[in-house]
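S.K.: This structure is in structure tokens; I'll ask about it shortly.
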Amino acid sequence: MIPALWFWLIAIMIAGYVVLDGFDLGAGLLHLFGTRSDQERQQVLKSVGSVWDGNEVWLIAGGGTLYFAFPGLYSAAFSGFYLALMMVLWLLILRGISIEVRGEADSSMWKSFWDVVFGGSSALLALLFGVALGNVVRGVPIDSEGFFFLPLWNNFQPGANAGIIDWYTVLIGLASLAALAMHGSTWVALKTTGDLEKRASGWASNFWWAVAALTVLITVVSFRLQPHIPAQFAANRWGYIFPLLALAGLAGVRLFIARQNELASFLSSCLYLLGMLTSAAFGLFPYVLPSNVAPENGLTVANSAAALYGLTIGLWWWIPGMVLATGYSFFVYRRLRGKVQA
Amino acid sequence: MDSALAVHRLHFAFTVTYHYLFPQLTMGLALLIVILKTVALKTGNEHYNEASRFWAKIFAINFAMGVVTGIPMEFQFGTNWARFSKAAGGVIGQTLAMEGVFSFFLESTFLGLFLVGEQRLGRTLHWFTGVLVFVGAWLSGFFIIATDAWMQHPTGYRMGANGSILLDNIWGLILNPWILWQYLHNMIAAVMTASIVMASIGAYYQLTGKFVEQARIFLRTGVIGGTVAVFALLFPTGDGQGRMIAAHQPITLAAMEGLFETSSGAPIVLIGQPDTGKLTLDNPIMVPGALSFLTYRRWEAEVKGLKDFPPELWPDNISLLYYSYHIMVGLGTLLILLMVVSVWSLLRGRLYQSKRLLWALMLALPFPYIATTAGWMTAEIGRQPWVIYGLMRTADGPSPRVSAGNGIFTLLGFMGLYLVLGILFLFLVYKEIDHGPGRAAMPVTGANE
């Protein structure tokens, strides 16, 4: 019972990270490909400038929580996806640095260099996070000791010899890229003014079609590829609430863009991401990392969790700690509400 | 070098050594900035506000470097040390997760406010956000030390099935007796680094005749803070830490002191090169009886030498351990001398005119960094051959499926990336120092422009 509670707490924490850092990843993408002047780029940067590092704390705290609650999963997944995670680290470093140093020299060459680093690393991270999720859904070749290692790619087929990159995981990666691009567009529209604001709404509206199409596609493919998901939904029909949340969010984005309600369309986009990620978590439960070769080796909530004493004690400090942390986040976003100054 | 174990060890050693260059400054500076802000608040002396704004900018650059080089540390527990993490994650994951939940959210939130909110928050609230940044930074240090202390001296656990280690008592983990001296020693060392850096920049301005008002604040604060810190590092914290090692890691003590033979009235070696083949010291200069006295408070007490312990329990790099320890102590001694002379000169009112002393302070900048790095090497090499002292050998800790080749690939990647980061860091810090503590209102960093 308590391990399952931690499964959901961590799922929500990771979803929180994706929702928060997701909009600055999306904004990074638009920064490079959508802006028309240095003044517009500054607006985009400013909209994420004072929140991106706080958003990344959700990743660090989520990682730490995963480590203590599910050490079996943390050690298996991090060593198994070794190469991809190292690249995620390099991209996170480059992205953080590019935001901080871009404004430090008054040179257009300097700025355009860091623009490319910022936009490129944001786009690759959005893609890689999707690839990672695709790997978890597809399953990995876990051995009897509970470990595996995947090369970056193999034959690009999601079968027993799959690498980190195959057509399925790339598909999930593209869906993630499109979703975060839409998400970032709704954020930029919310935080900026003038021509940029109008165009950002336009991008959100255009990306919406890609997101809608990819949502249908990845749902169909994932249900066929990972038979545990349809079985889980069939067994626990209340779980349909999660995909319904995603659909409501998706509909909301469309509706509120049309009504030019920027805050509501951004929040709808948050709801969509939350719904998609919790749907995936629900569909895999009780697996946390299924095996694609020997189902009995798959990691579950039960066989990868820490001992009960630690998990119980953890609730005593984690809940008040996260209430405080969520409070800080609300405080910051409230203080920064409204448009950024051009 | 091409064994996977060696690669994983080097991978962690390189990234953690590089990482710690930044937090040691920010943890120490957080305290000094609070002190500067407090003086400004109490006295209304605007120069103290200018001084704290300048150091807030240096803090921000170091903080960003600390964040981006810190995320890889958490990841590497899983990527490179999967067997260790699978066995012990349920214990040390507690303190690592607490760090994220209790200190990183606090620190990142209030640092943002501290950096851009001076005008909007008002003096008292702005001071308070500075205090919260300090609390966040020092809490973060606590959780990391608690994690390391558990690996040095595991408490509050029991063994489970298949070699897993289970948390048995949370207070055993949080109130581990090893934490007290290690935490104080480490945090005061951070204050030493920040103080000497502050004095060094002050000396540079004073020598070049720029920003003289603030330079004197930097010198005064740095020299007084540095003096308190270097003495507290020797006693009681260094002494306390040494006696913990003597009590719980006697083999480590023998190796770091270069003591091969068990002896009554064991000496302290000041200079001498260990020959780990013949188990002797070349051309030693020693203080007889000093090690016995420091360890047991009796000049003739017996201290066990390495030869009386089974070689399979010896740290695997005795020479490097010995030199790390001696470099830390040697530089610490030199810094005590420098601080004593400086504070004497300050009290006599001659520091600001003493060119020779200002030069010495300016050039002292790298030495606290070298001393703290050597100190951490002493702790971590001294723990070998164990990753968890007495419980799990380092050789049993790495990820079983990550090959040496993949490890070297990512190690080289980190080396290249960290070289670029280092160059950018120096460029940014140089810009701030060149610009100096001006009268301008609040700093605007990077993206906030």
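S.K.: Would you call B:Gly225 crowded, with 20+ Cβ neighbours inside 10 Å and out of contact with any His (no Cβ under 9 Å at 6 or more places or on another chain)?
M.R.: yes
S.K.: Run A:Val137 past the list (1) within 14 Å of another protein chain (Cβ to nearest Cβ); (2) crowded, with 21+ Cβ neighbours inside 10 Å; (3) out of contact with any strand residue (DSSP E or B) (no Cβ under 8 Å at 6 or more places or on another chain) and report the number of the one that doesn't hold.
M.R.: Of everything listed in (1) within 14 Å of another protein chain (Cβ to nearest Cβ); (2) crowded, with 21+ Cβ neighbours inside 10 Å; (3) out of contact with any strand residue (DSSP E or B) (no Cβ under 8 Å at 6 or more places or on another chain), A:Val137 misses just condition (1).
S.K.: Among the residues of the range B:111-127, which ones are without any contact (Cβ under 8 Å) to a residue 60 or more places away in the chain, more than 7 Å from chain A (Cβ to nearest Cβ) and either surrounded by 24 or more Cβ atoms within 10 Å (Cβ to Cβ) or not in a loop (DSSP other than H, G, I, E, B) (or both)?
M.R.: Matches in the range B:111-127: B:Leu111, B:Leu113, B:Phe114, B:Arg120, B:Leu121, B:Leu125.
S.K.: Going by what's in this entry, would A:Asn161 be described as under 30 Å from A:Pro230 (Cβ atoms) and not in a helix (DSSP H, G or I)?
M.R.: yes
S.K.: Answer yes or no as to whether A:Ser268 is within 12 Å of chain B (Cβ to nearest Cβ) and closer than 19 Å to A:Ala15 by Cα.
M.R.: no
S.K.: Now for a different question. Among the residues of the range A:260-286, write down those that are surrounded by fewer than 20 Cβ atoms within 10 Å (Cβ to Cβ), out of contact with any helix residue (DSSP H, G or I) (no Cβ under 6 Å at 6 or more places or on another chain) and over 20 Å from A:Gly184 (Cβ atoms).
M.R.: Within the range A:260-286, A:Phe285 is the sole residue that qualifies.
S.K.: Continuing with this model, one more query. Among B:Phe84, B:Phe102, which is of a type outside the set (S, T, N, Q), touching a Gly at 6+ places or on another chain (Cβ under 7 Å) and farther than 20 Å from B:Tyr183 by Cβ?
M.R.: B:Phe84
S.K.: For a quick check of your reading of the model, give me the residue pairs whose first member lies in the range B:19-32 and is under 21 Å from B:Ile71 (Cβ atoms), whose second is part of a helix (DSSP H, G or I) and of a type in the set (S, T, N, Q), with beta-carbon atoms closer than 6 Å and at least 6 apart or on different chains.
M.R.: B:His19/B:Thr69; B:Phe22/B:Asn62; B:Gln24/B:Thr193; B:Gln24/B:Thr372; B:Leu25/B:Asn62; B:Leu25/B:Thr193; B:Thr26/B:Asn62
S.K.: Next question, about the same structure. Are any residues in the range A:323-340 closer than 26 Å to B:Val91 by Cβ, at the interface with chain B (Cβ under 9 Å from one of its Cβ atoms) and without any contact (Cβ under 8 Å) to a residue 12 or more places away in the chain, and if so, which ones? Break it down into steps so the answer makes sense when it comes.
M.R.: Filtering the range A:323-340 for residues closer than 26 Å to B:Val91 by Cβ gives A:323-325.
Keeping just the survivors that are at the interface with chain B (Cβ under 9 Å from one of its Cβ atoms) gives A:324-325.
Selection gives A:Leu324 alone.
S.K.: Hey, among B:Ser108, B:Ser85, which residue is touching a Phe, Trp or Tyr at 6+ places or on another chain (Cβ under 7 Å) and surrounded by 23 or more Cβ atoms within 10 Å (Cβ to Cβ)?
M.R.: B:Ser85
S.K.: Would you check which residues across the range A:73-119 are touching a residue at least 60 places away in the same chain (Cβ under 8 Å) and within 17 Å of B:Phe75 (Cβ to Cβ) and list them?
M.R.: A:Leu73, A:Ser75, A:Ala76, A:Ala77, A:Ser79, A:Gly80, A:Phe81, A:Tyr82, A:Leu83, A:Ala84, A:Arg95
S.K.: If you don't mind, there's one more thing I want to ask. Restricting the range A:94-112 to residues that are among the aliphatic types (A, V, I, L, M) and more than 7 Å from chain B (Cβ to nearest Cβ), which is farthest from A:Val140 (Cα to Cα)? Please lay out each step first, then the result.
M.R.: The initial filter retains those residues of the range A:94-112 that are among the aliphatic types (A, V, I, L, M), namely A:94, A:97, A:99, A:101, A:105, A:109.
Retained after the next criterion (residues that are more than 7 Å from chain B (Cβ to nearest Cβ)): A:94, A:105, A:109.
Values: A:Leu94: 29, A:Ala105: 46, A:Met109: 44 Å.
For the range A:94-112, the residue satisfying everything is A:Ala105.
S.K.: Another question about this same structure. Would you confirm whether any residue within the range B:177-188 is in contact with an Asp or Glu (Cβ under 6 Å, 6 or more places away or on another chain) and either of a type in the set (S, T, N, Q) or surrounded by fewer than 18 Cβ atoms within 10 Å (Cβ to Cβ) (or both)?
M.R.: No, the range B:177-188 has no match at all.
S.K.: Let me ask you something else. Identify, by number, the condition in (1) in a helix (DSSP H, G or I); (2) away from chain A (no Cβ under 12 Å); (3) surrounded by fewer than 17 Cβ atoms within 10 Å (Cβ to Cβ) that B:Met377 doesn't meet.
M.R.: B:Met377 satisfies all of (1) in a helix (DSSP H, G or I); (2) away from chain A (no Cβ under 12 Å); (3) surrounded by fewer than 17 Cβ atoms within 10 Å (Cβ to Cβ) except (3).
S.K.: Restricting to the range B:68-82, name every residue that is more than 7 Å from every other protein chain (Cβ to nearest Cβ), farther than 22 Å from A:Ser329 by Cα and assigned to a helix (DSSP H, G or I). Break it down stepwise before answering.
M.R.: Of the residues in the range B:68-82, the ones more than 7 Å from every other protein chain (Cβ to nearest Cβ) are B:69-70, B:73, B:76, B:80-81.
Now drop any that are not farther than 22 Å from A:Ser329 by Cα, which leaves B:69, B:73, B:76, B:80-81.
Within the range B:68-82, B:Thr69, B:Met73, B:Gln76 qualify.
S.K.: If you check A:Leu91, A:Leu124, A:Leu85, which single one turns out to be hydrophobic (A, V, I, L, M, F, W, C), within 10 Å of chain B (Cβ to nearest Cβ) and under 22 Å from the mean Cα position of the chain (by Cα)?
M.R.: Answer to the check: A:Leu85.
S.K.: Can you name the residue in the range A:296-342 that is of a type in the set (Ser, Thr, Tyr) and part of a helix (DSSP H, G or I) and, of all such residues, is farthest from A:Val44 (Cα to Cα)?
M.R.: Ranking the qualifying residues of the range A:296-342, first place goes to A:Tyr309.
S.K.: A:Gly173: part of a helix (DSSP H, G or I), of a type outside the set (A, V, I, L, M) and over 16 Å from the mean Cα position of the chain (by Cα), yes or no?
M.R.: The answer is no for A:Gly173.
S.K.: Considering only residues of the range A:159-174 that are at pLDDT 90 or above and of a type outside the set (Val, Ile, Thr), which is nearest to A:Ala210 (Cα to Cα)?
M.R.: A:Leu174
S.K.: When you go through B:Ala266, B:Ala247, B:Ala215 one by one, which is the residue that is of a type in the set (Gly, Ala, Ser), assigned to a helix (DSSP H, G or I) and more than 26 Å from B:Thr193 (Cα to Cα)?
M.R.: Working: B:Ala266 fails: assigned to a helix (DSSP H, G or I); B:Ala215 fails: more than 26 Å from B:Thr193 (Cα to Cα).
Checking each option against the conditions leaves just B:Ala247.
S.K.: Can we say B:Phe105 is assigned to a helix (DSSP H, G or I), modelled with pLDDT of 95 or more and either within 12 Å of chain A (Cβ to nearest Cβ) or touching a strand residue (DSSP E or B) at 6+ places or on another chain (Cβ under 9 Å) (or both)? Explain how you work it out, then say what you get.
M.R.: Numbers: assigned to a helix (DSSP H, G or I): yes; modelled with pLDDT of 95 or more: no; either within 12 Å of chain A (Cβ to nearest Cβ) or touching a strand residue (DSSP E or B) at 6+ places or on another chain (Cβ under 9 Å) (or both): yes.
So B:Phe105 does not fit the description; no.
S.K.: State the number of residues belonging to the range A:216-236 that are part of a helix (DSSP H, G or I), out of contact with any strand residue (DSSP E or B) (no Cβ under 8 Å at 6 or more places or on another chain), over 17 Å from A:Val131 (Cβ atoms) and not aliphatic (A, V, I, L, M).
M.R.: Going through the range A:216-236 one residue at a time, the tally reaches 6.
S.K.: Let me ask another. Could you check the range A:18-55 and list, in sequence order, the residues that are closer than 23 Å to A:Ala325 by Cα, within 11 Å of another protein chain (Cβ to nearest Cβ) and touching a helix residue (DSSP H, G or I) at 6+ places or on another chain (Cβ under 6 Å)?
M.R.: Hits for the range A:18-55 are A:Asp24, A:Ser47, A:Val48, A:Gly49, A:Ser50, A:Trp52, A:Asp53, A:Gly54, A:Asn55.
S.K.: For A:Leu73, state whether it is more than 7 Å from chain B (Cβ to nearest Cβ), closer than 23 Å to A:Met13 by Cα and surrounded by 24 or more Cβ atoms within 10 Å (Cβ to Cβ).
M.R.: Against the criterion (more than 7 Å from chain B (Cβ to nearest Cβ), closer than 23 Å to A:Met13 by Cα and surrounded by 24 or more Cβ atoms within 10 Å (Cβ to Cβ)), A:Leu73 qualifies.
S.K.: From the residues in the range B:1-41 that are surrounded by 21 or more Cβ atoms within 10 Å (Cβ to Cβ) and charged (D, E, K, R), which one is nearest to the chain's Cα centre (by Cα)?
M.R.: Per the stated criteria, the residue is B:Arg9.
S.K.: How many residues does the range A:176-194 contain that are part of a helix (DSSP H, G or I) and β-branched (Val, Ile, Thr)?
M.R.: Residues that pass the stated criteria total 2.
The values are calculated or read from the model by the stated rules, or taken from the named source; none is laboratory data. Predicted, not measured: the structure shown is a model, and the values here were computed from it. Note that each Cβ is placed from the backbone with ideal geometry, even for glycine, and that neighbours are counted across all protein chains shown.
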